[in-house]
Amino acid sequence: MTRKAAQRGGDEQQLVRSPGIDLLAAPAAATDLVLLAHGGVVDSFDDPHAWRAPLLRMWPFAVTARAAAPTAAVGLMRYRYRGWNGPAASPAADLRTVLGMLPARIRRVVLIGHSMGGRAVVAAGNHPLVSGVLGLAPWLPPNEPLVQLRGLVAFAHGTLDRITDPRQTAAYARRLRTGGIPVAMLTLEGEKHAMLHRAGDWNTLVGRFTRAALGDSPACEAVSTDPNRSDPLPAWTRPTPIASGIASIARARLGSRLTHW
């Protein structure tokens, strides 16, 4: 299929598809939301269905966030398309749409995104409801617009990531810090893009960040305005085989039920 045909197909699909949130937890009295945004590809108008690897990878983080914030709603972004799609910035547009249609009772939102999702949460991280932005191996290419992120801000990136560039993440953190926004820039030695070599530490980071962004624990000591500072992510858990991380994804997904916004 040509790019033009793919674009036309995407435009037709847009008529019947809209962004939303798949909720893992939705307490009736929740005033906080932890919203996770998964990765994707550079250009695609295909449907990012529920069994693609980038979305599945977010499930253990959703379970961790639910445990860290038991009174909050916890959900995963439901994009219209798989791709970023150039100037359309489809996932960021979807995220802004979703933030604009939340129930009135939601007063704070914690945004957590991986890869393309990390780019999306940064792009939408100046929304008035945002109380924290966590980018996990985010895709932050050169000349990415600088956003005045709100609340607690942290980036974490593996040193062996070849899908997204940890140097570009550090460069974006440096720009934020130079502009007066405190950021934690965390590195994981030997970790790759799938975040499976130190799966337990990634989960712990998500839990700690969620609590801190909601004011339930102190902010990370690595949060700084020093432009060149970076800190290794602590080894909170013992290393486990990659197969163990994959099994945790399966358990999280198969052991959970969803509602929708």
Among chymotrypsin sites (Phe, Trp or Tyr not before Pro) in the range 49-98, those in a DSSP loop whose Cβ has at most 11 other Cβ atoms within 10 Å are TRP51
About its Cα centre, the chain carries a charge dipole, from +1 on Lys and Arg Cβ atoms and -1 on Asp and Glu Cβ atoms, whose size in debye to the nearest 20 is 280
In the neighbourhood of GLY215 defined by beta carbon distances under 14 Å, the net charge of the other residues (Lys, Arg +1; Asp, Glu -1) is +3
The chain, Gaussian network, Cα under 10 Å: of ALA184, ALA89, ALA72, the residue fluctuating most is ALA89
Listed residues VAL110, VAL223, VAL133; largest mean-square fluctuation, Gaussian network over the chain with Cα springs below 10 Å, found at VAL223
One finds the C-alpha centres of the range 109-133 and the range 226-261 to be spaced, in Å, by 18
Expected max-MSF residue from ARG177, ARG150, ARG105 in the GNM of the chain (alpha carbon, under 10 Å) is ARG105
Sorting TYR81, ALA28, ALA50 by the position of each Cα along the dipole of the range 23-81 (Lys, Arg +1; Asp, Glu -1; all at Cβ), the one nearest the positive end of that ordering is ALA28
Per the helix-only model, the chain has a calculated mean residue ellipticity at 222 nm (DSSP H runs of ≥4, -39500 (n - 2.57) each, divided over all residues, rounded to the nearest 500) of -10000 deg cm²/dmol
Expressed in angstrom and rounded, the centroid-to-centroid distance over alpha carbons for the range 75-92 and the range 187-210 is 23
Here, ALA247 and ALA28, labelled 7 Å along Cα→Cβ, have an inter-label distance in nm of 3.9
Contact order relative to length for the range 108-212, counting C-alpha pairs under 8 Å separated by 6 or more residues, stands in percent at 23
Here the alpha-carbon Rg of the range 100-208 over 2.2 N^0.38 Å rounds to 1.04
Residue separation between GLN148 and SER18 times 0.36 nm, minus their alpha-carbon distance, gives in nm 44.1 nm
The extension gain from ARG175 to ASP47, computed as 0.36 nm times the residue separation minus the Cα-Cα distance, is 42.7 nm
Stretched fully, the stretch from ARG238 through SER217 gains (0.36 nm per residue minus C-alpha distance, one decimal, in nm) 5.2 nm
antiparallel share of DSSP beta bridges within the chain, to nearest 5, in %, is 20
In the chain the accessible area split gives carbon plus sulfur, as whole percent at 1.4 Å, a share of 56
Relative contact order in percent for the chain (Cα pairs under 8 Å, 6+ apart) equals 20
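The values are calculated or read from the model by the stated rules, or taken from the named source; none is laboratory data. Predicted, not measured: the structure shown is a model, and the values here were computed from it. Glycine gets a Cβ as well: all are built from the backbone with ideal geometry, and neighbour counts include every protein chain shown. Only protein heavy atoms, including side chains, enter the accessible area calculation; ligands, DNA and RNA are left aside. Shrake-Rupley method; radii C 1.70, N 1.55, O 1.52, S 1.80 Å.
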